[in-house]
1. Counting Lys +1, Arg +1, Asp -1, Glu -1, what net charge surrounds ASP27 among other residues with beta carbon under 13 Å of its beta carbon?
2. In the neighborhood of ARG68, defined by Cβ-to-Cβ distances under 11 Å, what is the net charge if each Lys or Arg adds +1 and each Asp or Glu adds -1?
3. Which entries of LYS36/LYS159; LYS17/LYS41; LYS41/LYS159 show an alpha-carbon separation above 26 angstrom in the structure shown?
Amino acid sequence: MIDRSRSDTGDTEVFSKKVDVSSIPRDGRRYRDIFKNDELKALADAIGVQALENIDINLELRPLSRDRLRVHGHVRADVTQLCVVTVEPVHSRLDENIDCEFWPEQDYLRWVRSSEEESEAGFDAFLREEPEPYRDGEIDIGQFIYETIVAAIDPYPRKNNVEFNWDTSEFNTGVGWNVEKSGPFSKLRTLIGASKGDKSS
């Protein structure tokens, strides 16, 4: 299941690539896709990275019972981001294995309710792989790929052997962070020290 907490899906309809579930034969169907340069640029901008290249999408779509669908394969891409320490380009290769099921929305909602009830009863229901919902007889492969890439990207990329040093950082203004010398805790330490001094006398 994709972690949608990192996915801003508010304006990503441009990546919508829907597949009619009823059109997939019983023995399955391969899904390959190549993104054009303008699509790669739009996708990189939406995700918030410097560049996306060489996206390789190779999936197998196979029908299951009860209008469910299994999606198996991989999504690969070359990603360029900026190092959070040096602001230099950082290159990485995403290689995400895909193995999940798409369920009609009503089945998915029943699964969620059942899992919540089992969890309340003390069972680890959410350890089971959560399905992906779909509606209106179509799965949105484009949106799924977008969310897969978002979830796989490192939110804090750093160049190799680069460490963040707060003491030398331009963001460290020295104001309000030194609790040893200023702030309420310094006053507390002063009172504690004075109290110890009274007892020793």
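1. Local charge sum for ASP27: +4.
2. So the surrounding residues net to -1.
3. As for pairs spanning more than 26 Å Cα to Cα, those are LYS36/LYS159.
Where a number appears in this text, it was derived from the coordinates with a stated rule and is not lab data. All values derive from a computational prediction rather than experimental measurement. We place every Cβ from the backbone using ideal geometry, glycine too, and count neighbours over all the protein chains shown.
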